[in-house]
Amino acid sequence: MMAVLFVYLGFMVLGIISPCFLYRFIDNNGLPRNWPFVGMIPTLLLNIHRPHDKVAQVLRRSNGTFFYRGLWFTNTSFLGTSDPENVRYILSSNSSVYLKGPEWLKQFDIFGEALFNSDGEAWKCHRRVFHAFLNHPQFRKSLSMVLHQRIEEALVKVLEYVSGREMVVNLQDLLVRHAFDIGCITGVGFNPGLLCIELPENRFQKAMSDTLEAAFYRYVMPDSLWKLQSWLQIGKEKKRSDAWKDFDDLLTQFISTQRHKSNKSVESSGSNEENDFNFLNFFLTGHEITGPTPKDSLIRDNLMQFLLASDGTYSLTLTWFFYLISKAPMVENKIREEIKRHLSMKEVEGSVQIPSNYDELSKLTYLHAALCETLRLYPPIPFEFRTCTKQEYLPSGHRVDQNTRIIIGIHAMGRMESLWGEDCYAFKPERWIGEDGKIKRESPTKFSAFIAGPRICPGKEVSFLLMKATATAIIHNYNVHVVEGQNIGPKNSVLYQMKKGLMVRVKKRWS
Ligand code: HEM
């Protein structure tokens, strides 16, 4: 630990003298040099303000696979890959060898025994429950109703308020609140009402953000260092412990309220399926798939992961989407024309028009393409982590030993010239549209925002519905102007969120 600190201070001093010299000295033609004892930590420290871009650069220069060496005698090394053949092998054809395992749990132990944290038989069982919930006929009906209601009663009200006063607002914050309210209603049958004019404190979101930031640092730091921080209760580890307490408080409250509600409802009608369809109730009422009612801790873990998966992802994608279209007025115009051509609208408060039939959203091919393009460039989950459980060779020829940590560079894959052509950095929805005018279906090992193989995101389809309905209501009625001069960049977190949010002014398109 002292060695890391010493090296860090040494390079800081050198950095002040000459940053250019430092970059060239530490890296070898853009690839990290492997130094005695400290491995490639100098490159990591020098790029700690832009880890995603550095990983993308290294993977591009190394033909898609690179072995990062950490500090000697610590478990901080990993193999990074963005090679689609390796990705297919790890996530799909040989997924039983590449597990989440104890290394994953070190980062995400706060999610306990949830689907997201499990492997093998336990994972299969959780996944069946989740599938049964998402495919339940009542789910789609209830989601559409909740979404429509939240757009009309909260999103539009807040946008009307801020546009009328020409206020500057943080769009990322508004979208996260919108998604969290929907996640809570579909997850626990309770609306926390975070998206409203008063913008109340968002404890859950802060706790989630602190947890996911700490998870990032746990991966790159030697175990001894974060364990010491945790023991001393300082830095990111302190924030993480506080977040854990906050989660436990909030989720215990949700579960006991819902347990009480469902007991009362079962007593009075024998079944409450029609009235109160949500993820928590699905668990509590002992559905035939879920088996006997599981223990509270398992419900808490799955609920917490439901809230993360169902709101933390698409709200961030929408934020990047609005950032991208603010710089591409032609794209915005095409989306508006498509909305006008295909959607039936319903007029709500202040002559705002919102889609009245969500089935029509599937006709919005160009909007779908623009969202895929956003996910390619800014995937909300930028890295996927696995551990190899036996020694073998990857399709690229790299040998991986047992317990090698693997990072799949999802963010890097969207920026590989070899996969997307020379214009891979350009925002071009057209690349997703085939000659027949329909969406081109890319293989999930090339477009890996939802990953591939048996663990592919089960919420993919739902997330497009949520994104399209929300984006349409905003684009059709408002111009979103991004405030000039902001430093837009991602946070060091396992989610790809803007460090300081996206400050915008919203102007109504008509009165
Ligand atoms: C833009 C939106 C979304 C993206 C890009 C996305 C992406 C992903 C990715 C990359 C994973 C793999 C994570 C891992 O295991 O390491 C994942 C898993 C998962 N996602 Fe999504 N997701 C999105 C939205 C949703 C939504 C809306 C839901 C729920 C309705 C959902 C439910 C899940 C669940 C339950 C898992 C765990 C699957 C398993 O471990 O087998 N996701 N998602």
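Averaging the inverse of every distinct alpha carbon separation and then flipping it gives the Kirkwood radius. What is it for the stretch 120-160, in angstrom units?
Numbers: mean 1/r = 0.0819 Å⁻¹.
Over the stretch 120-160, the inverse of the mean reciprocal pair distance is 12.2 Å.
Using packing as a proxy for protection, rank 315-327, 388-400 so that the peptide with the highest average count of other Cβ atoms within 10 Å comes first.
On the way: 315-327: 22.0, 388-400: 15.0.
Highest to lowest by the protection proxy: 315-327, 388-400.
Hey, got the dipole for the stretch 125-508? About the Cα centre, +1 on K and R Cβ, -1 on D and E Cβ, debye to the nearest 20? Show your work: numbers first, answer last.
Numbers: 50 positive and 44 negative charges, 134 e Å.
With Lys and Arg at +1 and Asp and Glu at -1, about 640 debye.
Return one number: the angle in degrees, 0 to 90 and rounded to the nearest 10, between the long axis of the Cα atoms of helix 314-326 and the longest principal axis of the Cα atoms of the chain.
Result, in degrees: 90.
Tell me the carbon and sulfur percent of the accessible area for the chain, rounded to whole percent, probe radius 1.4 Å. Present the calculation step by step, with values, prior to reporting the outcome.
Values: 12520 of 22560 Å².
That fraction is 55 percent.
Tell me what the chain gives for mean residue ellipticity at 222 nm when only DSSP H runs of n ≥ 4 count, each as -39,500 (n - 2.57), the sum divided by the residue total, rounded to 500 deg cm²/dmol. Walk me through the intermediate numbers first.
Details: 21 runs with 262 residues, N = 511.
One gets -16000 deg cm²/dmol as the mean residue ellipticity at 222 nm.
Quick check on the chain: of the DSSP beta bridges with both residues there, what percent are antiparallel, nearest 5%?
Working: 30 of 33 bridges.
Antiparallel: roughly 90 percent of the beta bridges in the chain.
Going Cα to Cα from Lys238, which aspartates and glutamates come in below 13 Å? Please leave out same-chain ones fewer than 8 positions away.
Of all the aspartates and glutamates, those that pass the test against Lys238 - Cα under 13 Å, at least 8 places apart if same chain - are Asp210, Glu213, Asp246.
For the stretch 402-480 and the stretch 208-249, compute the distance between their C-alpha centroids and round to whole Å.
Answer, in whole Å: 30.
Exceeding 27 Å between C-alpha atoms, which entries from my cross-link table qualify? They are Lys100/Lys460; Lys100/Lys245; Lys141/Lys363; Lys239/Lys446; Lys428/Lys491; Lys124/Lys261.
Numbers: Lys100/Lys460 21 Å; Lys100/Lys245 25 Å; Lys141/Lys363 19 Å; Lys239/Lys446 36 Å; Lys428/Lys491 25 Å; Lys124/Lys261 29 Å.
Result: Lys239/Lys446; Lys124/Lys261 exceed 27 Å.
Kindly rank 44-52, 443-451, 404-412 from highest to lowest mean number of other beta carbons found within 10 Å of each residue. Mind dumping the intermediate values first?
Numbers: 44-52: 17.4, 443-451: 20.4, 404-412: 23.8.
In descending order of packing, they fall as 404-412, 443-451, 44-52.
Taking the chain as the reference, fit the longest principal axis to its C-alpha atoms, fit the long axis of helix 171-188 to the helix C-alpha atoms, and give the angle between the two in degrees, 0 to 90, nearest 10.
Once rounded, one gets 70 degrees.
For the stretch 408-511, what does the convex hull of the Cα positions come to per residue, in cubic angstrom?
Per-residue hull volume (Cα only) is 164 Å³.
Quick check: from the Cα gyration tensor, does the stretch 155-213 come out rounded (a/c under 1.5), prolate or oblate? Please report the intermediate quantities before stating the final value.
Numbers: a/c = 2.60, a/b = 1.46, b/c = 1.78.
The shape class here is oblate.
Please compute the length gained on full extension between Trp35 and Lys499, using 0.36 nm multiplied by the number of residues separating them and subtracting their Cα-Cα distance.
Extra length from Trp35 to Lys499 when fully extended: 163.9 nm.
Relative to the present Cα-Cα distance, how much length would full extension add between Glu461 and Glu442 at 0.36 nm per residue of separation? The partial results should precede the final answer.
Details: separation 19, 0.36 × 19 = 6.84 nm, distance 1.50 nm.
Answer, rounded to one decimal: 5.3 nm.
How big, in percent, is the set of alpha carbon pairs in the stretch 125-508 lying more than 31 Å apart? Could the numbers behind the result be given before it?
On the way: 29902 of 73536 pairs.
Of all Cα-Cα pairs in the stretch 125-508, 41 percent lie more than 31 Å apart.
Please get the size of the charge dipole for the stretch 280-419, origin at its Cα centre, with Cβ charges of +1 on Lys and Arg and -1 on Asp and Glu, quoted in debye to the nearest 20. Display every interim value, and only then the final one.
Values: 15 positive and 16 negative charges, 77 e Å.
I would put it at about 360 debye.
The values are calculated or read from the model by the stated rules, or taken from the named source; none is laboratory data. Model, not experiment: these values are computed from the prediction. Note that each Cβ is placed from the backbone with ideal geometry, even for glycine, and that neighbours are counted across all protein chains shown. What goes into the accessible areas is simple: the full protein's heavy atoms, side chains included, and nothing from ligands, DNA or RNA. Shrake-Rupley method; radii C 1.70, N 1.55, O 1.52, S 1.80 Å.
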